[in-house]
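One structure below.
The values are calculated or read from the model by the stated rules, or taken from the named source; none is laboratory data. All figures in this text were calculated on a predicted structure; none of them were measured in a lab. Cβ: placed from backbone, ideal geometry, glycine included. Neighbour counts: every protein chain shown. Protein only, heavy atoms only, side chains kept; ligands, DNA and RNA dropped before computing areas. Shrake-Rupley method; radii C 1.70, N 1.55, O 1.52, S 1.80 Å.
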Amino acid sequence: MTTNDDQKSLKINAWGETIGERVSTYLSPTLKEDPADAEVISHKLMVRAGLIRKLSAGIYNYLPMGLRSLWKLERIIRSEMNRSGAKEILLPCVQPGDLWRESGRWEQYGPELLRFKDRHDHDCVFGPTHEEVVTDIIRREIRSFRDLPLNLYQIQTKFRDEIRPRFGLMRGREFIMKDAYSFDVDDQGAEVAYRKMYRSYENIFRNCGLQFAVVEADSGPIGGSYSHEFMVLADTGEDALVSCPGCGYAANMEKAELTDYPAQSAPAGPLTKIHTPNCTDVPTLARFLNIPESSILKSMLFEASSENGPEHVLVVIPGNREINLIKLKNALGGLTPVLCTPQAAEEITGVIKGYVTPLGAKVRIIADQMSAKLTAGVVGAGEKDYHFTGARPGVDFKIDGVFDLAQTQAADPCPRCGAPIVLKRGIEVGHVFKLGTKYSKALGSTFTAPDGSDKLIVMGCYGIGVGRTLAASIEQNHDRDGIIWPMALAPFQVILLPLEVQNEQISTAAETLFDQLTELGVETLLDDRDLRPGNKFKDADLLGIPIKITISKKGLANGQFELKHRRTGEVVMIPEKDASKIIFGLCTLALQKGGQN
Ligand code: ATP
Ligand code: MG
């Protein structure tokens, strides 16, 4: 421990945080090498820049530099949540197992839910989310329609025992989430609360200086359109999404609707069996017959298990299309479809892979909308090396149901306006969800309506992955030298690099500027280490602080400092005497532009 006497005094802001720090007395360990277990750039850079350190799989320590960015993000979230009228609470990590039994999730939740016993042998869980706990508060405290609407939120630590924790903070086991829960008297009220949160989330990610898209997300067979995901756009993102430059329609790939896409009927004519030697896949068959792949009707057998045992379903789709399994699941009323192995398909249909046919099939057949629209297609003949041409859907073979089942491809027509769709990748950082009465019903959370009757409270839930948002911001903003923080999330706004700290003129100029900037409230990191300039530059680039000021003998001889913008690489010389004002102005401006610098 150093005593106060050893340290030059540090300025403190209104929240009690330091405005400036000296690298020599800070804990910001940087690494030259990527950590061995890091696959994605944000994970590599967060560790190398000394923002986080791994404790164990999916569990991370935030070091001071990482914590500063975390605070900034939390502050942005908090101010938008408070502005929306939501009230902040803080709920416990450890929750009684009995509450989870009441909601039914003790049984439903898989091994992601960390369960343990306390010394009295009571079941406990470490909260992966807080619907149960917050609904328990509401059922105790809310009595009348006069107490509603209400939105409660917290920023708190969750634990989910993810099967594959990876990508650093992006998919941790322990992670920080902002979760909010809205409570309303009816659907209409819940809709208003949902829209409010939607807007707050847009403000939050905009104020972070991030490029993002809001996409319609799948919310199961009975969800309606009440789920949206907020995606930070990054080529490395885990999630695929579709976006329409024409009308702004955007959706998660799983949910992306199609009303139409190019598919061409095979030449009409009588149903004819033809010899197609060795045509076991769609491209080979299309080449052999000299027809587009979309004229071939691919038949795939799926198994879906319900309480009544397994059911087999044959799905017919144009040959150039992938089946979207979420759409198929919804078409099957929520039952999860599993593609049958070639062996199983052969046992069930008696037909080997590549020749499965809808003609005379005994199982239920469901068709993708476009395959149902074709006037004729080529289908398997149910025997090796043969296909049928001229097969008319719904005439030559039965169709038990028609659904939108295909995966969207680039340039498919937008389901809203018909313009060509663009595919993008993103990272899900936020999720808004209309819950309805699922939890209020399970836990008995009611209120007295004006007519004296008891009614169930209508809920919504809204999450932001706080650590994941930081990681996503790096995934979107970096170059080969390191992080490029948006001003709004940067741990410091400015870094000062005195090149020779032994030189008194240089160190005095640096200390003076440091004092002036921190006095103005500009968050400044002073690299006062006695290191070679090359090492300091490398670390500064790695840390990604938006504005870098180099203080050198040469510059000082002209009464100037060098100012370099981390994002653009643009360099300008600024006069020493006006430096603090110029820097203050740049930082303020960058924040006003929504954090983008
Ligand atoms: P995912 O599909 O990525 O597992 P989820 O649907 O389980 O996410 P929610 O339960 O909606 O996520 O949680 C709200 C937010 O919490 C997500 O949008 C995401 O940003 C974040 N989040 C979820 N799981 C993790 C995790 N394992 N690590 C870090 N952040 C997470
Ligand atoms: Mg999850």
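Things to note:
- Above-threshold pairs, the threshold being 30 Å between Cα atoms, out of LYS255/LYS373; LYS196/LYS593; LYS196/LYS373: LYS196/LYS373
- In loop segments of the range 26-91 as defined by DSSP, the trypsin sites (Lys or Arg not before Pro) with at most 12 further C-beta atoms inside 10 Å of their C-beta are LYS32.
- Trypsin sites (Lys or Arg not before Pro) within the range 450-513: DSSP coil, no more than 11 neighbouring Cβ in 10 Å: ARG480
- Rounded to the nearest 20 debye, the dipole magnitude of the range 272-403 is 340 debye, with +1 charges on Lys and Arg beta carbons, -1 on Asp and Glu beta carbons, and the Cα centre as origin.
- Listed residue (SER56, VAL134, ILE76) projecting farthest to the positive dipole end of the chain, Cβ model: ILE76
- Per residue convex hull volume, Cα atoms of the range 184-296, in Å³: 204
- Relative contact order of the range 272-403, pairs being alpha-carbon contacts under 8 Å that are 6 or more residues apart, as %: 29
- The convex hull defined by the C-alpha atoms of the range 35-82 has an orientation-averaged projected area of 3.9 nm².
- Of all aspartates and glutamates in the structure, the ones whose alpha carbon falls short of 15 Å from that of LYS44, not counting any fewer than 8 places away in one chain, are GLU33, ASP34, GLU475, ASP479, ASP481, ASP539, ASP541.
- A 1.4 Å probe, protein heavy atoms only, puts the accessible area of GLU107 near 130 Å².
- All-pairs Cα distance distribution in the range 239-312, expressed in whole percent, bin size 10 Å: 13, 27, 27, 26, 7
- Under the Debye formula (equal points on every Cα, no solvent term), log10 I(q)/I(0) of the chain at q = 0.07, 0.11, 0.12 Å⁻¹: -0.58, -1.10, -1.19
- Size-normalised alpha-carbon gyration radius of the range 272-403, reference 2.2 N^0.38 Å: 0.99
- For the chain, the Cβ-based charge dipole about the Cα centre amounts to some 640 debye (Lys, Arg positive; Asp, Glu negative; other atoms uncharged).
- Accessible surface for LEU55 stands near 120 Å², nearest 10, in the context of the full protein assembly shown (1.4 Å probe).
- Based on alpha carbons, the Rg and Dmax found for the range 310-467 are 22.2, 73 Å.
- Accessible area of the range 442-597 divided out per residue, in Å², using a probe of 1.4 angstrom: 40
- Hydrodynamic analysis of the range 70-156 uses the Kirkwood radius over alpha carbon pairs. Inserted into Stokes-Einstein at 25 °C and 0.890 mPa s, it gives a translational diffusion coefficient of 165 µm²/s.
- Solvent exposure of VAL422, expressed as accessible area, is near 60 Å², computed with a probe of 1.4 Å over the protein chains only.
- Principal axis box of the range 164-212, alpha-carbon based, largest edge first, Å: 40, 25, 14
- Shown for the range 272-403: the carbon plus sulfur share of the solvent-accessible area, taken with all protein chains present and a 1.4 angstrom probe, equals 52%.
- Contact order relative to length of the chain, as percent, for alpha carbon pairs under 8 angstrom and 6 or more apart: 17
- Hydrodynamic radius of the range 439-501 per Kirkwood, over alpha carbon pairs, in Å: 16.8
- Over the chain, DSSP H runs of length four or greater, each weighted -39,500 (n - 2.57), average out per residue to a 222 nm ellipticity of -8000 deg cm²/dmol.
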